[in-house]
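The values are calculated or read from the model by the stated rules, or taken from the named source; none is laboratory data. Predicted model only: the values in this text are computed from it and were never measured. Every residue, glycine as well, gets a Cβ built from its backbone with ideal geometry; the counts of neighbours run over all protein chains shown.
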Amino acid sequence: MQIDLKRDVDFIEKLDQKVKDDGSFSSWELFHLSYQASVNNLTTDFKGLRSPTLLPHVTFLTHQLECAEQVLDDMNGRAILADEVGLGKTIEAGLILKEYMLRGLVKKALILVPASLVNQWAMELTQKFYIPVTTSRKRPVWDQDNIMITSIDTAKRQQHKDIILEQNYDFVLVDEAHKLKNHQTKNYQFIRALQKKYCLLLTATPIQNKLSDIFNLVSILKPGYLGDYQTFTEKFGKNHKTLEHDAHLKQLIQKVMVRNRREDTGIDWTKRNVETVWIDFTAEEREAYNNLKEITEQSSHFAAITYLRELCSSREACYVSIKKNLLQENKENKEDYAAFLKCIEKLPNHSKALKVVELIQSMNDKCIIFTEYRATQVYLQWILQQNGITSVPFRGGFKRGKKDWMRQLFQEKAQVLIATEAGGEGINLQFCNNMINYDLPWNPMRLEQRIGRIHRYGQTEDVNIYNFAIKDTIEDHILRLLYEKIQLFQRVVGNLDAILSDLQLTNIETEVEKIFQESKTDGEIKIKIDNLSAVISNAQDYYEQEEQHGNRESS
């Protein structure tokens, strides 16, 4: 092929004329400043971090800097960030993303987070790292070079999925990645199918639960790194404790995962003060509770447990639940339930709610209340308002913008935030240091998720946790025989998930419900829960001894 070359005969003459006329070009001083700025911004060495010097307004912790360096230098940008709750996985991920952007290696990124955290992630990356981001709206544009933040549910919708899978992403991040452990889910298959150069999976839940969990998460980052699943299980077995004892497998996992624990960071954490607040039912409430126990003996065990738990929360929660079920089911003891509803309609304010009012008035400070039930949330907001206490609700049904608004109102205006379980994930509330667990969840890990909203990096005050329970009720059994026995607040809670899995108790809430369903008397319930707690406690002791032994060997 012949290429025609044309000589520019006018350039020299035009340049000469520009110089004589002092024409439209910058001065030497401006050119020199521009040149020096370019030189200073050059990244001449891939080792080390440049972001901290460009972000003087952010105080980075040692473990966060070390994590970012490890992912960049040793893991080629594909890693699981598995720090315990509150240690700043978002900061670590932001550092890594910023470094790649400074080096010109990331222009197009997809950040997948729970829908309720989209705005929070956008705020963190924009304000702390000066990273321009785009959040998905009604009509997101997927084929542009930008940093897009969205939820997995939005991304995998049919109108978005195909075009997203066509994109070549420089960087993909998935928050709450423990939800991807099952390779058969659509979420897992969608993430696995994304075309990505660098990939971060964030989860506070340790992945040393089941070998299949480890294999599936690592296979998203590095397909084939652990071989195929059959070979993997044949080599390492299916014993849940194998990972801790198999040095080779542990070494393989450490090359793709960074996990920092609170006690290893050297941070001077504020104290966690835990107090159990015992409450006595009034005579009328006790009579209603005992009446409900008699009625529910003829119902399904699950219904009996649910109604009793709800009555311990509020008459409203119990009333709404029974009323709804009476409309849907043809119950044999329908008349008994109808009579019971008329009975609790006459009950005065709930003893537990009155105790909440008393406690909040005495502390005269911001406080978060966690309840299991929507009806209780509404009731608490009403009774607080009757006593001159400002509050805002927070629940899963709120849209993203409303959740952000409620958080802002709580921080700037209201004294109390009343949250259902949706407030237990993701949202950061370290400007508050008081929490009331109005209803205790039957899963200890959910309780730790709640506490992690306020007892995290950035908290400057000691944290006060108040666990409410009514004496001689279903709550009494759970608090005395489960929470106190396993010493939840004195232990390294990050280990509990692995311990429960080793005991094949991946859902402790289901296990406790099973005990209540299969037991015929309160005495039998107490014995079974006590035995369950003893098994967990012994496993905790064993786990901690093994960990200490492993630390001594490694040192």
> Do we have Ile295 as touching a strand residue (DSSP E or B) at 6+ places or on another chain (Cβ under 6 Å), on the phi < 0 side of the Ramachandran plot and surrounded by 14 or more Cβ atoms within 10 Å (Cβ to Cβ) here?
Replying inline: no
> What number of residues within region 243-259 satisfy the criterion of being at pLDDT below 75 and more than 27 Å from the chain's Cα centre (by Cα)?
Replying inline: 3
>> All but one of (1) assigned to a loop (DSSP other than H, G, I, E, B); (2) over 26 Å from the mean Cα position of the chain (by Cα); (3) over 27 Å from Leu165 (Cα atoms) hold for Gln17; state the number of the condition that does not hold.
In response: (1)
> If you take the residues in region 1-52 that are of a type in the set (Ser, Thr, Tyr) and closer than 30 Å to Leu97 by Cβ, which one is modelled with the highest pLDDT?
Replying inline: Ser51
>> Going residue by residue through region 212-221, is there one that turns out to be farther than 21 Å from Thr185 by Cα and at pLDDT below 75?
In response: no
> Any residue in region 290-311 that is within 26 Å of Phe410 (Cβ to Cβ), modelled with pLDDT of 90 or more, of a type in the set (A, V, I, L, M, F, W, C) and in a helix (DSSP H, G or I)?
Replying inline: no
> Can we say Glu69 is acidic (Asp, Glu), closer than 30 Å to Leu125 by Cα and modelled with pLDDT of 90 or more?
Replying inline: yes
> Which condition does Val172 not pass, out of (1) modelled with pLDDT of 95 or more; (2) closer than 19 Å to Lys255 by Cβ, if it passes all the others?
Replying inline: (2)
> Filtering region 72-108 down to residues that are part of a loop (DSSP other than H, G, I, E, B) and touching a helix residue (DSSP H, G or I) at 6+ places or on another chain (Cβ under 6 Å), which residue is modelled with the highest pLDDT?
Replying inline: Val106
> Restricting to helices (runs of 4 or more DSSP H) lying wholly in region 373-483: which have 3 or more residues that are in contact (Cβ under 8 Å) with a residue 60 or more places away in the chain?
Replying inline: 374-386, 400-412, 444-451
>> Any residue at all in region 227-234 that's assigned to a strand (DSSP E or B) and either in contact with a strand residue (DSSP E or B) (Cβ under 9 Å, 6 or more places away or on another chain) or modelled with pLDDT of 75 or more (or both)?
In response: no
>> Whether any residue in region 30-49 is more than 25 Å from Gln459 (Cβ to Cβ), touching a residue at least 12 places away in the same chain (Cβ under 8 Å) and either surrounded by 16 or more Cβ atoms within 10 Å (Cβ to Cβ) or of a type in the set (A, V, I, L, M) (or both) is what I want to check.
In response: yes
> Hey, Arg407 hits all of (1) charged (D, E, K, R); (2) closer than 30 Å to Ile295 by Cβ; (3) buried (at least 19 other Cβ atoms within 10 Å of the Cβ) but one; which does it fall short on?
Replying inline: (2)
>> Considering only residues that are in contact with a Lys or Arg (Cβ under 6 Å, 6 or more places away or on another chain) and either within 19 Å of Ile427 (Cβ to Cβ) or at pLDDT below 75 (or both), which ones fall in region 438-480?
In response: His455, Val463
> Could you list, in sequence order, the residues of region 264-289 that are buried (at least 17 other Cβ atoms within 10 Å of the Cβ), at pLDDT 90 or above and not hydrophobic (A, V, I, L, M, F, W, C)?
Replying inline: Glu285, Tyr289
> Which one is surrounded by the most Cβ atoms within 10 Å (Cβ to Cβ), of the residues in region 349-389 that are within 26 Å of Tyr307 (Cβ to Cβ) and among the charged types (D, E, K, R)?
Replying inline: Lys352
> Would it be correct to say that Gln430 is crowded, with 17+ Cβ neighbours inside 10 Å and under 18 Å from the mean Cα position of the chain (by Cα)?
Replying inline: yes
